[in-house]
Structures are given as C-alpha cells and as structure tokens.
Amino acid sequence: MKLVLNSEQCLEQQEILIGEIIGNIADELERVGLSGESLKGATGAIAFKIAAMLDGASEVSFDGCEALPYICFINKEQQDQLMHLGGNTYMHELVYGILEAIFDNAT
C-alpha cells in the first residue's frame, strides 16, 4: 500500500466516520431510555471523547503503555492507496457541528 496525502478526501471520510459514530452512540443511548437534551448532551460528550482519542488529541494508555493512533482511509478509486492528512485527524473538532446537524434533522 502507498501512503498518499489527500486532505480533501480525508476531510470527507472523517465527516462520514464521526457522523456514523455519533449516530450509533445516539441510537444506543436512545435504546436504553435517553431522550431530548439528555440524549444530545450524552451523545456529544461520548463522541467527543472517542474522537479525541482516535485523533491522538487525548492520551490513550494502559499499564504505562501509550497508544498513538494515526488514522488513514482507503482510497475508493485506488484501493492500494491509504490517504492521510499529513498529520493527525481532527474529528473531535467536527463532533458538535455534525451532532447539531443530526439532531436538527431528527426533529
């Protein structure tokens, strides 16, 4: 596989990934009884924490061993290419905008 810098497609892929994470969190929290602002607030908080860990923006460690994630995406047109941003992803910065869009569409 080749590592290819592609900021535009990586932004789209980040939006899709964090949107799916947010949607799945909301579905599970709703299934266990959360609704309204409690559902939205809990979904946003959980999604932000997960995204920050995936982005490498918060520490991820266990028993003194640190994990340093670096997210890449497979190019749909050329499956032998891994696309990256040239640095860590920033999905945590997208969480609340996407959360608003999801919850606005649900009402």
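Throughout, read-outs are computed from the coordinates displayed, never taken from laboratory work. Nothing here was measured: the structure is a model prediction, and the numbers come from that model. Counting neighbours? That spans all protein chains shown, and the Cβs are built from the backbone with ideal geometry, glycine included.
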Among the residues of the range 24-69, count how many are touching a Gly at 6+ places or on another chain (Cβ under 7 Å) and either surrounded by 10 or more Cβ atoms within 10 Å (Cβ to Cβ) or among the basic types (K, R) (or both). 1
Against the conditions (1) part of a loop (DSSP other than H, G, I, E, B); (2) free of Cβ contacts under 8 Å to residues at least 60 places away in the same chain; (3) of a type outside the set (S, T, Y), where does G86 fall short? Just the number, please. (2)
Contact list please: Cβ distance under 9 Å, first residue in the range 1-25 and over 17 Å from A106 (Cβ atoms), second residue of a type in the set (K, R), pairs at least six apart or on different chains. Q9/K76
Taking the range 70-107 on its own, how many of its residues are of a type in the set (S, T, Y), out of contact with any helix residue (DSSP H, G or I) (no Cβ under 8 Å at 6 or more places or on another chain) and surrounded by 10 or more Cβ atoms within 10 Å (Cβ to Cβ)? 1
